[in-house]
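Here's the structure, in C-alpha cells; my notes come after.
The values are calculated or read from the model by the stated rules, or taken from the named source; none is laboratory data. Everything numeric here is computed off the predicted structure, so don't read it as measured data. A quick note on method: Cβ atoms are made from the backbone with ideal geometry, for glycine too, and the neighbour counts reach across all protein chains shown. Surface areas here come from the heavy atoms of the whole protein model, side chains and all, with no ligands, DNA or RNA. Shrake-Rupley method; radii C 1.70, N 1.55, O 1.52, S 1.80 Å.
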Amino acid sequence: MKELVTLEEMLRFREEKVRLQEELQKKEKDSVIVALGMNIPGPVKCSPEILEAFHAGAKAMTESLNRQGIGVKEELEAIKKEGCLKILAVEHKDPAFIKKIMVDIEETHPLGRLFDIDVYDKEGRGLCREAFGAPVRRCLLCGKEAKVCGRNRSHTVDELYKRVEDIIRVWQNETRGTS
C-alpha cells in the first residue's frame, strides 16, 4: 500500500533532516556530512520499490567511499512514509573530493537520477554540483533543466511518478537478469 504524504508532513520531514544533519555535524566536527535522499515527485515518497532503490543508493555510496579508502564514522537512517534518508559522517578533510564521488554516483548509477546526494562542509554549507563541473539535473521526462520544468509545471505528477517507477523497474529487471 502506497501512503500519500501531505505537504505539512513533507515539510516536517525536511526539518527533521536538517536537525539530524546538524546533530551529526556537532558530534563529528571533523567529518564531512553526506546525506542521501530520493528525488521522488508527488505525494508518494516511500514504497517497497523506492525503498529498494534507496538502499541501492546507500550501498553505492558506501562502496564508492570504501574504494577510495574513506571511512564512515557514524551513520543515521530514517525510513518513513515521508521519505528515505541516510546521513553519513565521513572521515575526510576535503568535502569537494567527497562531492565529486557523490556526483559520479548520481551521474553513472542506473538509478542515479533518482538519488539526491548532498555534501556539507564542516560549517554545514552544502556544496553545489555545478561548482564541480557537473551538469544541472535534467527533467525525468523531456531532458530540459529539471528546475525549469518544475517551476513551469511542464508535466503532471502522475507522468513524473510513472517515469520514476519505470526507471526503478528497468533497474530491477537488469539487476535480476529479467526483462
Lysines whose Cα lies under 27 Å from that of K80, excluding same-chain neighbours fewer than 8 positions away: K2, K17, K26, K27, K45, K59, K99, K147, K162
Euclidean distance of C-alpha centroids, the stretch 78-148 and the stretch 63-77, integer Å: 15 Å
Accessible area of H55 in the full protein assembly, 1.4 Å probe (Å², nearest 10): 80 Å²
Calculated [θ] (222 nm, deg cm²/dmol) that DSSP helices of n ≥ 4 give over the chain, each run adding -39,500 (n - 2.57): -15500 deg cm²/dmol
Sites excluded, GluC sites (Glu not before Pro) in DSSP loops with at most 14 other C-beta within 10 Å, longest stretch of the chain: 4-122
Size of charge dipole - the chain - debye, nearest 20, with Cβ of Lys, Arg +1 and Asp, Glu -1, no other charges: 340 debye
Principal axis dimensions, the stretch 46-158 - Cα atoms, whole angstrom, descending: 41, 33, 26
Taking the convex hull of Cα positions in the stretch 1-108, its mean projected area over all directions (nm²): 6.8 nm²
The stretch 8-110 - charge dipole about Cα centre, Lys and Arg +1 at Cβ, Asp and Glu -1, debye rounded to 20: 160 debye
Cα-Cα P(r), the stretch 136-179, percent of pairs per 10 Å interval: 28, 42, 23, 7
Degrees between helix 48-67 axis and first principal axis of the chain (Cα, 0 to 90, nearest 10): 30 degrees
The chain, accessible area per residue, ligands and nucleic acids excluded (1.4 Å, Å²): 56 Å²
Aspartates and glutamates whose Cα lies under 13 Å from that of K73, excluding same-chain neighbours fewer than 8 positions away: E28, D30, E91
Sparse-neighbour loop sites [trypsin sites (Lys or Arg not before Pro); the stretch 87-179; at most 15 other C-beta within 10 Å; DSSP]: K93, K122, R125, K144, R153
Projected label distance in nm at K147 and T175, using a 7 Å step from Cα toward the beta-carbon: 3.0 nm
